[in-house]
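Working notes, beginning with the structure itself.
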Amino acid sequence: MYYLPYNLNLKFFSRDLRNHSTPGEIKLWKRLRAASMMGYTFNRQKPLDRFIVDFYCKPLNLVIEVDGPYHFYSKQRIKDRERQKILEGYGLAFLRFTEEDVLEKTDWVVEVIREFIINLEKNDPLLYRKKRVNISNYLKSKTRSSNRPG
């Protein structure tokens, strides 16, 4: 994995994007957040290099993009391809879905993501071991916090 540059100037813009997410991004985020996607943690509207991606999972080196109608204009398609190529140069994998698919075929979108993760785990046993450690730490922290006197 390469070092991923982080543009601090994008931090506030990414926060603003999180507060103004599209319906598809909101719906997918509900399925990805809180390590609910097979134990992996995703960030949303994550600055990477000089770009902001919709969803990012660091352990998987995975970017997930939800493309609304704007992304189908030819100029934007070219920009999206160039941006993706740059980020793939850092070893990141991309999954792209249309806003319409996320809204209307959510279970299918989630299944595609799950299959992608399963294939990554099959090809990288260390990844699976890391995930198990992360889940175990997560469960321990939940147990400790639920045992605290209220």
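Just a few scattered comments:
- When Leu48, Leu60 are checked against the criterion of being at pLDDT 90 or above, in a loop (DSSP other than H, G, I, E, B) and not aromatic (Phe, Trp, Tyr), a single residue qualifies: Leu60.
- Helices (runs of 4 or more DSSP H) wholly inside the range 65-150 containing at least 2 residues that are at pLDDT 90 or above: 74-88, 99-104, 106-123
- Verdict on Leu28 being at pLDDT below 90 and either under 29 Å from Lys105 (Cβ atoms) or part of a loop (DSSP other than H, G, I, E, B) (or both): no
The values are calculated or read from the model by the stated rules, or taken from the named source; none is laboratory data. The shown structure was predicted, so the numbers you read here are calculated from the model rather than taken from an experiment. Quick reminder, even Gly has a Cβ in these numbers, built from the backbone with ideal geometry, and neighbours come from all protein chains shown.
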